[in-house]
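Where a number appears in this text, it was derived from the coordinates with a stated rule and is not lab data. In this text, all values refer to a predicted model and were calculated from it rather than measured experimentally. No Cβ is skipped: glycine too gets one built from the backbone with ideal geometry, and neighbour counts run over all protein chains shown.
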Amino acid sequence: MLDVRGLSAAYGQHPALNEVSLSVGPGEIVVILGANGAGKSTLLRAIAGICEGRVSGQVMLNGASLTALNSDQIVEQGVALVPEGRAIFGDLTVKENLLLGAYSARARADEGQNLERVLNLFPKLIERQTQIARTMSGGEQQMVAIGRAMMSAPDILMLDEPSLGLSPLLCRELFQNLAVVKDLGIGVLLVEQNAKQSLAIADRGYLLENTRITREDSAAQLRSDPSVQKAFLGANNTTRNQPPPQTIETQPVEPRFTPGPALPRRSAEQLIGGSIEDLISSASEASTRALTSPSSSRVKQAEKVAQSRLESVLKDIESAAAAARRQRPASRPTYVASPSPQPVPHEDGPPPPVVEIYKRPHVEVFRRRPSGQFERE
Ligand SMILES: Nc1ncnc2c1ncn2[C@@H]1O[C@H](COP(=O)(O)OP(=O)(O)OP(=O)(O)O)[C@@H](O)[C@H]1O
């Protein structure tokens, strides 16, 4: 049983989650509904220990606290997250992606059994195990992402907008698969904008509005509630995919909760559960294999066509720029740099707020050589 008590998160001065409490039982599907920016992804990331902001509150799994643990330890305890956008390793094969999910000690011993369970859940992956993941369709990639999370043998599976970008047919298939995950006794915490299909398979749901839980109810009650229908189920729907109904605060905001210690950050190697070097050499091997496969001449042909299209677009841009230069007036206004940046005056009121963005600072770039090998830049 996952039990979240008073979970809050903030990015600098910007509160993203306020005193959120919820629970997910074994074999239960719980859906979180909310408009864009309500704090849904922050909630899942905070539970998984990967929120970049300041987090406070309690997260318990089967009575044990996860609050002070890092994300690897949280996976080890039995909570897995399928993040928004899937985040699979595109240059690795399907099987390599799945096996990366079994890096935790709790899953390693039963790797074979877990793989069998995933392939039973997604039979389409059986004959695709050696396929390079990025060459698969969006729906198939989503299966790989969920399969990878399932390889960690979780008690709780969290999914962030898994239906995003999928066709209606693939959406239906995805939600049917989640119902099978539930039948395995795994608790599912699902963030979705597809309220109709998610409420159809869910047991309970929470409404998250403007950083706070405003309602908890059975999925059946939520489905039949006119206000939920209006907001999330398409009846005069005006809020789905719209910004949350909050006014933008232009003054510094007082924190509305007591900040606790930040959850520990993780290195990239902790994230993937192995060394970057091993991952790169595995990616190199996969990519070399792909280039030397019988279809590689077709790939080269396609690359040539793309290259010549790119060159012709660049030529068009250059000639347009040359034409613009010829038409430019002889004398141009002179700009004098001001000593310090001044806020831009805003005709209708105060200037827009400054939004702080928190990102991981470390980026490494790898170049793929024509041979298919990857090298660090
Ligand atoms: N890394 C970050 N740095 C700064 N602000 C952030 C960061 N991540 C999220 N936010 C802000 O926190 C708020 C909640 O974002 P979050 O992604 O949790 O919302 P959401 O409900 O998942 O939205 P969506 O449905 O659009 O994905 C938003 O105002 C967002 O701009």
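Annotations
- Region 1-68-region 135-206 distance, computed between alpha-carbon centres (Å): 19
- Using a Förster distance of 56 Å, the FRET efficiency for residue 108-residue 315 (Cβ separation, nearest 0.05): 0.55
- Cα→Cβ-extended label distance, 7 Å offset, between residue 58 and residue 167, nm: 4.8
- Proximal charge balance of residue 27 [Cβ under 14 Å; K/R count +1, D/E count -1]: -2
- Charge context of residue 171, other residues only, Cβ under 13 angstrom, K/R +1, D/E -1: -1
- Going by neighbour counts of Cβ atoms within 10 Å, the residues 175, 232 line up, fewest first, as 175, 232.
- Dipole-positive endmost among 197, 27, 107 within region 2-267 (Cβ charges, Cα centre): 197
- For the pair residue 301 and residue 21, the difference between a 0.36 nm per residue extended length and the Cα-Cα distance amounts to 95.3 nm.
- Point-charge dipole on Cβ atoms (K/R +1, D/E -1) for region 2-267, about Cα centre, debye to 20: 260
- Charge sum, other residues only, whose C-beta stays under 14 Å from residue 95's C-beta, Lys/Arg counted +1 and Asp/Glu -1: -3
- Taking 0.36 nm per residue of separation and subtracting the Cα-Cα distance, full extension of the segment from residue 36 to residue 288 would add 86.6 nm.
- Each Lys and Arg Cβ is given +1 and each Asp and Glu Cβ -1; about its Cα centre, region 1-83 then shows a dipole of about 200 debye.
- Of the residues 3, 91, the one with the fewest other Cβ atoms within 10 Å heads the list, and the complete ranking is 3, 91.
- Extension gain, residue 308-residue 221: 0.36 nm per intervening residue step, less the Cα-Cα distance, totals 25.6 nm.
- Proxy reagent accessibility, fewest Cβ within 10 Å first, across 54, 376: 376, 54
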